[in-house]
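Inspection log for the structure reproduced underneath, given as structure tokens.
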Amino acid sequence: MLGIFKKFKGRNRYKNMVLKGIAYTPNLGFDKQGQKLMPNGFDLAEFVNKGCIKYQHALGKNGMDIIGSPTVVRVTENNELYIEAELYADSPLARNVYDLATMLEEGKSNQRLGFAVVGKVLEYDKNDERVVTKAKITNVYITPNPACLGTEVQVVR
């Protein structure tokens, strides 16, 4: 058993697997894809009602990357997308992601998992087509390589 998880011995650490954090912020400039999304223009209805939390873009070919559901979704006063998500306790991948997030958070490294939003662009800024002013968000991924460097997955304890 990993030393970091010894304190959980004898209790079900997977009973309440909840993660939270900023899923997107335009406040740090353009992301690694050369875009800036404006969360105050996000249509979040589909994500809130039918969206899911997935792990790593590359796994998504067979649906086995679905690891949880959003429980709190809002745009902050700083125009950042904030989410909380409950991971599925019966999913081995969700358990692995939760363990990884916990290990990174409690370890000495400053490496963390991040978020990536997925959806459809509805409108670009008329003066700068790199700026997305409206988008329909459908899912959010947890990834070790987020396009927006201002995201960070945090474990809710």
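Below are the figures for this structure:
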{"quantity": "Which numbered condition Asp65 misses (of (1) closer than 16 Å to Thr143 by Cα; (2) surrounded by fewer than 17 Cβ atoms within 10 Å (Cβ to Cβ); (3) within 15 Å of the chain's Cα centre (by Cα); (4) not basic (Lys, Arg))", "calculated": "(2)"}
{"quantity": "Identity of the residue in segment 110-139, touching a Pro at 6+ places or on another chain (Cβ under 7 Å) and of a type in the set (A, V, I, L, M), that ends up nearest to Pro39 (Cα to Cα)", "calculated": "Ala116"}
{"quantity": "Subset of segment 114-157 [among the aromatic types (Phe, Trp, Tyr) and out of contact with any Cys (no Cβ under 9 Å at 6 or more places or on another chain)]", "calculated": "Tyr124, Tyr141"}
{"quantity": "Condition met for Thr76 (out of contact with any Phe, Trp or Tyr (no Cβ under 7 Å at 6 or more places or on another chain), closer than 20 Å to Val18 by Cα, at pLDDT 95 or above and surrounded by fewer than 17 Cβ atoms within 10 Å (Cβ to Cβ))", "calculated": "no"}
{"quantity": "Candidates Ala89, Ala94 - the one that is among the aliphatic types (A, V, I, L, M) and surrounded by fewer than 16 Cβ atoms within 10 Å (Cβ to Cβ)", "calculated": "Ala89"}
{"quantity": "Residue ID - surrounded by the most Cβ atoms within 10 Å (Cβ to Cβ), chosen from residues in segment 118-147 that are farther than 20 Å from Pro70 by Cα and β-branched (Val, Ile, Thr)", "calculated": "Val132"}
{"quantity": "Any hit, segment 49-62, residues being closer than 18 Å to Ile142 by Cβ, touching a helix residue (DSSP H, G or I) at 6+ places or on another chain (Cβ under 9 Å), of a type in the set (A, V, I, L, M) and at pLDDT below 95", "calculated": "yes"}
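The values are calculated or read from the model by the stated rules, or taken from the named source; none is laboratory data. Predicted model, so just to flag it, every value in this text is computed and none were measured. When we count neighbours, we look across all protein chains shown, and the Cβ atoms used for this are built from the backbone with ideal geometry, even at glycine.
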